[in-house]
Every structure is written in C-alpha cells, then in structure tokens.
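Report on one structure; see the data block that follows.
The values are calculated or read from the model by the stated rules, or taken from the named source; none is laboratory data. Fair warning: this is a prediction, and the values are worked out from it, not measured in the lab. Note that each Cβ is placed from the backbone with ideal geometry, even for glycine, and that neighbours are counted across all protein chains shown. The accessibility values were calculated without ligands, DNA or RNA, using every heavy atom of the protein model including side chains. Shrake-Rupley method; radii C 1.70, N 1.55, O 1.52, S 1.80 Å.
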Amino acid sequence: MYNNNKVMNKLNYLLTIVFIVFSGIFFACSEKDGTEPETTQGSAPAFQGKSIEVPQEMVQSSNPGAQESMSYIAIANSFTGYTGMFVPPQKSGNYKSTNEGSPWVYSWEVNDQSGSFTVTLTVNENDYETTWAIVLNGEMDGIPLVDFTYLYGEESQDGKSGMIRLYDPESNSLGFETSWATENNVDTFRFYVPEELEIMVNQYPDNSGSLNAKEWTNGQLVLSFSAIWTASGSGEAWEYYENGSMINHETW
C-alpha cells in the first residue's frame, strides 16, 4: 500500500504557503487602518477547474479497496485548495489603468513572520484559453525569491481541458501538476508529484470510472494500485508488488 500520508504532508506544506501568501495582505491592511478590505478584483475571469466525482455508495463503503480508491481520489482532488489564489485578495493593487480586458495584473505585499515579499497575479485571456500566473519576489522563510513562478494554471475557453502546476520555493522545483481533459464525454484526470506518484482517473458520463496509481520505484513509475467502479458504486480494486505481481484483490 502506498504511503499516501507522505504525499498529503507535502501537499499540506504547499497549502500552508497559500495561506501565508493570502492572509498576509488581509491582516496587514486590517491592522494598519482598522477598515474592512475593499474588493478590487474587477472582471478578470475566474478559474473554474474540474474535480473527480464518484457514486455516494462508493464514498460510504467500508471495503478496504473502496477506501484506498477514495484516498487516491482525495489526493487528486486536493488541487482545489489552491484555486482560490487565482482570484486577487481584497485590497490588492491593480497595475492596469483599466481592467476591461486582458491582461489583468494584480500585486500585493506580504509582511509577517514568514518574511517580506511581493505577490503578482497575471491573468491573460485569448480566444482559446485563459492563463493565470502567480509570481513571488522577496524572501520567504529565509528563501530568496526572484521572479519565482509559484503557481500557474490554464483552462480552455470551452471548459474541456485545463491544468495547474505548483512549484516548491524550498526545492525550486515542481511540487505537483494536475490536468484534466474531456473527450467523447469521458473526463480524464492526471495528478503527478515528481519522483513520488502519478494518479490517472477516467470518469464516464454515468459516474462510473477507473483509476491507476503508479509509485516511483527504482527511477521509474510502477503500477501499484488500480480500481474500477460502476455507476451504482460497486467495484473492484487490485494492489501490486513492485515486480507487477498482485498483492491483493478487493470487490465491493
């Protein structure tokens, strides 16, 4: 069984940075003038995203295979905790003279015990897609940040595809990447943590689906868990050794 706690601890650490980036402006402004922050987000497009949905019967199942499947799905859906950063916080400064169209550029300062840095959110829109980029400049927890792209996202205008990449300031590398695409009414999701884990999920129109999880082993991704489920929430799951032989098979 894969150590999901290890990945979740890493994701929780990265999510803590989100809190620092967004809470700093609120508390700084509130303490400075004692007023409620003003909304200045204008008309920049909001990030919609798409998350994996499964039958409620599977969610409530006590079967170990169903529970393990839900654990992987929870990891794959964890990116939703980051999408709030694609909307500028209250009282952020808009560098554009007008926010009637692309690009929208917002900036705010964070000054607290974590350090002092500037956050810049740029939203670009064209006929095909919208992109969002969060760039940090300054110092956070003793780490110098120079035009550091912390978070990047994009979505097609038809809503059928999108992706998010989050970068780790501590290691100056990709923290995770998630993407989704809809083709022939089938939603395909991919969640990837470099040299750790890859989760692939197919979701069908009737809410049935399938899942494959690969663990980083000896320099490559190796299948460690797979599952399928029906629209009614029944399903099967398989767990594998590193050499590909099966450890366990569950049905529910």
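Applying a threshold of 6 Å to beta carbon distances and a minimum spacing of six or more residues, or different chains, the list of pairs starting in segment 187-198 at a residue that is closer than 17 Å to ALA74 by Cβ and ending at one that is open to solvent by less than 40 Å² (accessible area, probe 1.4 Å) and of a type in the set (Phe, Trp, Tyr) reads PHE189/TRP180; VAL193/PHE176.
On the given criteria, is LEU211 touching a Phe, Trp or Tyr at 6+ places or on another chain (Cβ under 7 Å), touching a residue at least 24 places away in the same chain (Cβ under 8 Å) and either part of a strand (DSSP E or B) or not acidic (Asp, Glu) (or both)? Judged against the criteria, LEU211 is a match. Scanning segment 191-211 for any residue that is in contact with a Lys or Arg (Cβ under 9 Å, 6 or more places away or on another chain), aliphatic (A, V, I, L, M), over 30 Å from MET58 (Cα atoms) and at pLDDT below 95 turns up nothing.
Selection of segment 166-177 for residues being surrounded by fewer than 19 Cβ atoms within 10 Å (Cβ to Cβ) and either among the polar types (S, T, N, Q) or without any contact (Cβ under 8 Å) to a residue 24 or more places away in the chain (or both) yields SER171, ASN172, SER173, LEU174, GLU177. Counting only helices (runs of 4 or more DSSP H) that sit wholly inside segment 1-118, those with at least 3 residues that are closer than 28 Å to VAL146 by Cα and at pLDDT 50 or above are 4-33. Count of segment 214-252 residues, restricted to those that are closer than 22 Å to MET58 by Cα, in a strand (DSSP E or B) and open to solvent by less than 40 Å² (accessible area, probe 1.4 Å), is 8.
Within segment 140-152, the set of residues being surrounded by 14 or more Cβ atoms within 10 Å (Cβ to Cβ) and touching a Gly at 6+ places or on another chain (Cβ under 7 Å) comprises MET140, LEU145.
Only one of the numbered conditions (1) surrounded by fewer than 16 Cβ atoms within 10 Å (Cβ to Cβ); (2) aliphatic (A, V, I, L, M); (3) under 19 Å from TYR82 (Cβ atoms) is not met by VAL186, and that is (3).
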